[in-house]
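The values are calculated or read from the model by the stated rules, or taken from the named source; none is laboratory data. Bear in mind that the values here come from a model prediction, so they are computed numbers and not experimental data. FYI the Cβ positions are ideal-geometry reconstructions off the backbone, even for glycines, and counts take in every protein chain you see. Remember, those area values only see protein heavy atoms, side chains included, never the ligands or the DNA or RNA. Shrake-Rupley method; radii C 1.70, N 1.55, O 1.52, S 1.80 Å.
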Amino acid sequence: MEQPPTETKKARSSESSQAHAADVDRLSALDDVTLHAILYCMPLREAAATTALSRRWRRVFATLPCLYIESSTFNNGDYVVDSLGEDYCEDPDRWIEALDCILDSRAAPVAVFDVETDIMFRDEVWFDDVIRELCRSGGLLKLRIWNTCLTDCYLLPSPVYACETLVSLELFSCRLRVPARITGLRALQSLVLQDVVATDGDLQRMVSRCEAVKRLVMEDIRKARNIIVDTPSLEYLQIHSCRPLRVSVKAPKLHSARLSLSYGCAELSWSFRDNEETDGDYSIAEIQEMFDFVAMEEKEHKRTDEIRNMVTFFCGIGAAKELRLDLSREYSKVLSKTKIAVPRMLPKKCCLLGLQKLTLALDHNHEALARLVSCLLNSSPNLKDLEIMDPFDIRYSDHLAAEFWEKHTTADCIQNHLSVVTFYMRESLFEGYPRTGLCQFLVMNARALKRMSIKYHCSLYKTEHVATVLEAVQSELRLWPRASPDVLLELSQVDCIPSI
C-alpha cells in the first residue's frame, strides 16, 4: 500500500532536517585539538566571539593554548586602517580590559603567549603582573615579547628568570637586568634576543643558566662588548652585530654557526644605548656625545682588535659542521686597517676539524677578506661544500688572480674532501674583468672536486653585455687545467642571489 502524501512529506522533511543538523554540527564534532588549531588561525577578537555559540565553545576558547596579541587585536570591527598603520591601537584602555577578561576566563594555563605591541608602557605595573601570573601558572612553554615602541625598551620582569617551564623565549627591544641568582630557565631550549639592552655580565649569567638551550640567536645586543657563550647543549648559534663584538664560544655539540657583521651606516644602526653606562641623568654635553653615532663608531673601531675577535670566535666553534659568515663592505675597510695581519691559518688546537660546509657572503676579491678566506680554507681540513656569495653592498674591487690564492692557500687543505663549490655572483662577474681567480685555483687544485657552479644574477645589465661576458667566462673555463678530470663546470642564471 502506498504511503499517504502527507506522511511522505513529513518523512522527507524529517530526513532533510536531520541531514541539515548533521551538516551544521559537523564542526562541533571535531576534537578540541583540531578546534584549537582553527581558532589559532583566526584573529583573537574573532576567536573570542565563538564563545557565544555554546557552552562547549566557551570551554574550547578558555583552554586555547596559544594567544597571539598585537596592538590592533581589540580594535572595533569597523575600524579603518589609516596613516597610523595596521598595528595602531584605537583604545588602549579597552585593549587592557579585553586582555584581562580573556585571562580571567581561562580554564587552563596559557602555553604560548605571543605579544607584539607597545601598550605595556600604558600601564607597566599591570603588564608586569600579567607576565608574572603567566610565568607562575606552571604551564607557560613559549613567551615572545616584541616591543614596538621606538623610543623605549621594556624591562623584562624578574619572574621570567624564575620560570621553570619555559622552553622558548624571544625578546625584541627589551632591557635585561639579570639577577645574581637565577632559579628558572633550566628547561629553555630556544633563546632569541634582538635589539636587547644587556651588559656582558647579564648575558653571561643568563646564557650560562640555560643549560638545555639548543638554539641561540643574538642580534644587535646593546651595551655588550664581550659575549661568552658556554652552553653544553647548544646546536645552533646565530650572532649579528653592527658594532665590534668579541664572542667566545664553548659548545661541544654545536652543529651550525652564523656570524654577521654589518658595519657602516652608524646613523641608522647605532643607538644611544650602545654607549649607556648608567641609568642616571646626563648633562647636555654627555647627551650630545651619546647621539654622535659616527664618532662613537670611529672610536669603537680604533680600540678594537678585529683579527683577535675573529680568531677568538673561530677557536670556539671547532665542533661545528656548518659555518656562515656575512661580512659587509664596510667591514672589509675596517679589517684592512688593522695593525695585525690575518694569520695564514688558525692555531692547530683551534682548527675547524668538524667543518663540512662553509658559506661566505663577502667580497672575496677584497685582499683583506681574501686573506681571511684563505685562513679558513687552511684551517678546515675536512671541508666538503663551499658557497661564496656576493653581498648586497658589494663594490668593484681589484681582481685577485689564481696566483694570489696559490700563494696564501695551502693546497693540501682542499685536496682530500672538497667536492662541491658554488659561487653566486652579481657585479663581480660583470664589472670589469670577470673575477674568477678563486674559481680557477680550486679547479686546478681540488682533487676531490665533483662540481663547480657559477650562478649569476644580471638583471641590471643589458643582454648584449651579459652575452659577451658569459662567452669570455666560458672560454676561460675551457682552458683551465683540472686537478680532477671528472669535475663538472656549470654556468647558470638565477632569479636572485640567496638572501643574507
In the structure displayed, which of LYS223/LYS333; LYS250/LYS321; LYS321/LYS349; LYS223/LYS321; LYS357/LYS455; LYS223/LYS250 lie more than 20 Å apart, Cα to Cα? LYS223/LYS333; LYS223/LYS321; LYS223/LYS250
I want to check the label-to-label distance for ALA187 and LEU103. Put each point 7 Å from Cα in the C-beta direction and report it in nm to one decimal. 2.0
At 37 °C and 0.692 mPa s, the Stokes-Einstein diffusion coefficient in µm²/s for segment 109-224, with hydrodynamic radius from the Kirkwood sum on alpha carbon pairs, is 234
Between ARG55 and SER475, what is 0.36 nm times their sequence separation minus the Cα-Cα distance? Round to one decimal in nm. 143.6 nm
Taking the Cα centre of segment 112-224 as origin, work out the dipole magnitude from +1 charges on Lys and Arg Cβ and -1 charges on Asp and Glu Cβ, in debye rounded to 20. 500
Just the number please: accessible area per residue for segment 109-224, 1.4 Å probe, all protein chains included, in Å². 39
Ordering of 181-193, 198-210 by burial proxy (mean other Cβ atoms within 10 Å per residue, highest first): 198-210, 181-193
